[in-house]
């Protein structure tokens, strides 16, 4: 789920190229088959991305992502602050199909696009954002809330520029990354997203890159960014390093079925490959919490309590 800008060495690209260069045939895999449960005992025949067809080495292994967020087990932390997001659309550079998702990449050589506040003690620079989605609207998100899945999930990736000097250093170290996650729900057309959707046909094939400018990712955030869950976790693609502070928005955003259909029209395959594989189900299976605490910036039970007579 990581990439580097044009100035930083392309660690993420090298990892993806190494892992996805060999395609394999479909096999039977556990399916997250409905939005009522993140884990289903049913099996479906589905195309598995080569990244997940063999066991991967996990560094540490006790803080892996994604997870299911159990609302009643989350802990309200009144000291969690509001997020302070400041993005400069002029830092937007390009869209890249890396063979697993499409990434909108930003110039992160300055502090022009940053996030701070919330659970973060330092300032983090925007690096890129990308999505995960399913082959239909019943599943696709990596995280879930009380076992409820969404059709897609947005990840806005930042690295700790106060503590580290380069992205590839931050991605390997503690407190190196901060990822804002937003759930997508099918509904009305998202006007802010449409500019991006219109550009996607140009990166239909793996390794396609197209210039993309002046896009403000703040338009993809929900109206309320003060209510969120946060927990210590990992990248959800190799190298799976446990360097991420996850900030999952409570409020989802709506996108249309047609907009998601454009996501699904992209390909895992390059133009030269004989087998053309649709870019769907590009999520990692959920991981055990292993003693971690999910904190929330809000107290839903107090807010939902009926008023006293």
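Quick notes on this one:
- Test for residue 199: is it more than 15 Å from the chain's Cα centre (by Cα), at pLDDT 95 or above and either surrounded by fewer than 19 Cβ atoms within 10 Å (Cβ to Cβ) or closer than 29 Å to residue 135 by Cβ (or both): yes
- Qualifying positions in region 82-100 - surrounded by fewer than 16 Cβ atoms within 10 Å (Cβ to Cβ) and either modelled with pLDDT under 95 or part of a loop (DSSP other than H, G, I, E, B) (or both): 82
- Residues of region 110-127 classified as closer than 9 Å to residue 161 by Cα and crowded, with 22+ Cβ neighbours inside 10 Å, total: 2
- Looking only at residues in region 291-309 that are more than 21 Å from the chain's Cα centre (by Cα) and surrounded by 11 or more Cβ atoms within 10 Å (Cβ to Cβ), the one that is modelled with the highest pLDDT is 298.
- Against the numbered list (1) modelled with pLDDT of 95 or more; (2) in a loop (DSSP other than H, G, I, E, B), residue 246 comes up short only at (2).
Residues are listed down the side, and each one gets a yes or a no for (1) under 28 Å from residue 59 (Cβ atoms); (2) touching a strand residue (DSSP E or B) at 6+ places or on another chain (Cβ under 7 Å); (3) surrounded by 14 or more Cβ atoms within 10 Å (Cβ to Cβ):
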position	(1), (2), (3)
209	no, yes, yes
214	no, yes, no
217	no, yes, yes
222	no, yes, yes
236	yes, no, yes
254	no, yes, yes
264	no, yes, yes
276	no, yes, no
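- Sub-6 Å Cβ pairs linking a first residue in region 132-143 that is closer than 12 Å to residue 185 by Cα to a second residue that is part of a strand (DSSP E or B) and at pLDDT below 95, at least 6 apart or interchain, are 138/34, ordered by first then second residue.
- Test: residue in region 167-176 that is part of a loop (DSSP other than H, G, I, E, B) and closer than 29 Å to residue 139 by Cβ: yes
- Here residue 222 meets each of (1) farther than 19 Å from residue 292 by Cα; (2) assigned to a loop (DSSP other than H, G, I, E, B); (3) under 12 Å from the mean Cα position of the chain (by Cα) with one exception, condition (3).
- The residues of region 128-150 that are crowded, with 19+ Cβ neighbours inside 10 Å and in a strand (DSSP E or B), listed by number, are 128, 129, 130, 131, 132, 133, 144, 145.
The values are calculated or read from the model by the stated rules, or taken from the named source; none is laboratory data. Everything numeric here is computed off the predicted structure, so don't read it as measured data. With ideal geometry, Cβ positions are generated from the backbone for all residues, glycine too; neighbour counts draw on all protein chains shown.
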